[in-house]
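Below is one structure, written out as structure tokens, with a few remarks after it.
The values are calculated or read from the model by the stated rules, or taken from the named source; none is laboratory data. Because the structure is predicted, anything quoted here is derived from the model rather than measured. Positions of Cβ are backbone-derived with ideal geometry, glycine not excepted, and every protein chain shown enters the neighbour counts.
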């Protein structure tokens, strides 16, 4: 689906009309029914899922909530095929903030402008709110925010004589020196593990040097990888891949924390088991990764990771001039009601629960940034909360272009950064990428 922006437009333009919802009785109250919530990936923990299910069914007697988890890897494809179909659409949908603009622009979501103030209004995250707007109307709202920061092995850094850097140049130099030192005899150690196709972490170097991924010019979106400021960041990245990272050039940002941990065997959803051994002194990951980093211990008959302050540490990626944190890619999701939902009133009831003070606080207590700024304090004041807030202050979203989800789904970003990581000419590769990406950003095939 390299041109999923066009495909989505064709498939979803009917979302705002046609079948009428069948959610209310003649008295205007929501009839009992089963509604479906799609959650993307495993970031929402079981405790929160149970809260949503129990609270919804308590507040809506006779109705049930079914939660289905969708993999990020094929979420766009599933949304494109399911949301136009009233018989199969999920009622409430979580999707990436980078995907929201595409689907809101083609009519996939219900206009919930009348609920905006009730669900938090001006206290909701601005950038995420904008990603869910079209012509001033609200279609999706922020679900949670995250931010990427640095996780590192204190023991390996100490053995290499490395200290926490205060500028981006110092960071680049430090992780390269750790790779050169190969401390503690760890085989094939990367001072900084970053996969060749890991664009979500890599774009932080573009942002830090003042570059952008795309900008609007004369009403059109233009890819800007070949802008001199973007080239500066890409050049630094290529140097990092050469001097600091031994990660495969086709590796993405998936489960990078496994490379920071001591040996472990991880069972995948397909039943296969992958073995991991410590081979990274440093990674970047969303804040909630800290739940998966630590010493392997047994609790209640299960092997789990338990954070060890003596062995692991965190800090925000520093900016170029050393005055604060670099503008990393903001993680997180938006959430909205399918325009084809047959139970919009029940879906709105679920949205009220999600944006309630109780649920917003639960998000923070589980390391997910609450959508409503009133509840950011629920994140606590430990090192993870501090790193999250510091890194999030200057974090950036991907461009709100109608075709951004299409560009993501085309895998051109992975291909581009993989070429840079493999030593391709930076300027020529960036220029070729811009030519291919610009039409897709504007909803055209390329």
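When the range 107-162 is filtered for residues that are crowded, with 17+ Cβ neighbours inside 10 Å and at positive phi, the ones remaining, listed by number, are 107, 120. The set of residues in the range 399-413 being surrounded by 23 or more Cβ atoms within 10 Å (Cβ to Cβ) and touching a strand residue (DSSP E or B) at 6+ places or on another chain (Cβ under 7 Å) consists of 401 alone.
Among the residues of the range 364-406, the ones that are farther than 22 Å from residue 123 by Cβ and in contact (Cβ under 8 Å) with a residue 12 or more places away in the chain come to 11 in all.
Could you check how many residues of the range 191-213 are more than 26 Å from residue 152 (Cα to Cα) and crowded, with 22+ Cβ neighbours inside 10 Å? The qualifying residues number 1. Considering the range 11-40, and only residues there that are in contact with a strand residue (DSSP E or B) (Cβ under 7 Å, 6 or more places away or on another chain) and at pLDDT below 90, the residue that is farthest from residue 106 (Cα to Cα) turns out to be 31.
Residue-wise test of (1) without any contact (Cβ under 8 Å) to a residue 60 or more places away in the chain; (2) in a helix (DSSP H, G or I); (3) touching a strand residue (DSSP E or B) at 6+ places or on another chain (Cβ under 8 Å).
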| position | (1), (2), (3) |
| --- | --- |
| 415 | no, yes, no |
| 427 | no, yes, no |
| 432 | yes, yes, no |
| 443 | no, no, no |
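Does the range 373-382 include one or more residues that are in the same structural domain as residue 60 (by TED's automatic domain parsing), buried (at least 23 other Cβ atoms within 10 Å of the Cβ), closer than 29 Å to residue 135 by Cα and in contact with a strand residue (DSSP E or B) (Cβ under 8 Å, 6 or more places away or on another chain)? Scanning the range 373-382, I find no residue that is in the same structural domain as residue 60 (by TED's automatic domain parsing), buried (at least 23 other Cβ atoms within 10 Å of the Cβ), closer than 29 Å to residue 135 by Cα and in contact with a strand residue (DSSP E or B) (Cβ under 8 Å, 6 or more places away or on another chain), so the answer is no. The residue list 37, 75 contains one member that is farther than 30 Å from residue 442 by Cβ and under 22 Å from the mean Cα position of the chain (by Cα), which is 37. The C-beta contact set for the range 239-259 (first residue free of Cβ contacts under 8 Å to residues at least 40 places away in the same chain, second residue in a helix (DSSP H, G or I), distance under 8 angstrom, 6+ apart or interchain) comprises 255/292; 258/292. Taking the stated definitions as given, is residue 178 assigned to a helix (DSSP H, G or I) and buried (at least 24 other Cβ atoms within 10 Å of the Cβ)? Taking the combined requirement at face value, the residue satisfies it.
If we keep just the residues of the range 211-223 that are touching a helix residue (DSSP H, G or I) at 6+ places or on another chain (Cβ under 6 Å) and touching a residue at least 40 places away in the same chain (Cβ under 8 Å), which is nearest to residue 148 (Cα to Cα)? Here the residue is 214. Among the conditions (1) in a helix (DSSP H, G or I); (2) within 16 Å of residue 146 (Cα to Cα), the only one that residue 367 does not satisfy is (1). In a residue-by-residue description of the range 299-309, the property of being without any contact (Cβ under 8 Å) to a residue 12 or more places away in the chain and under 16 Å from residue 390 (Cβ atoms) applies to no position.
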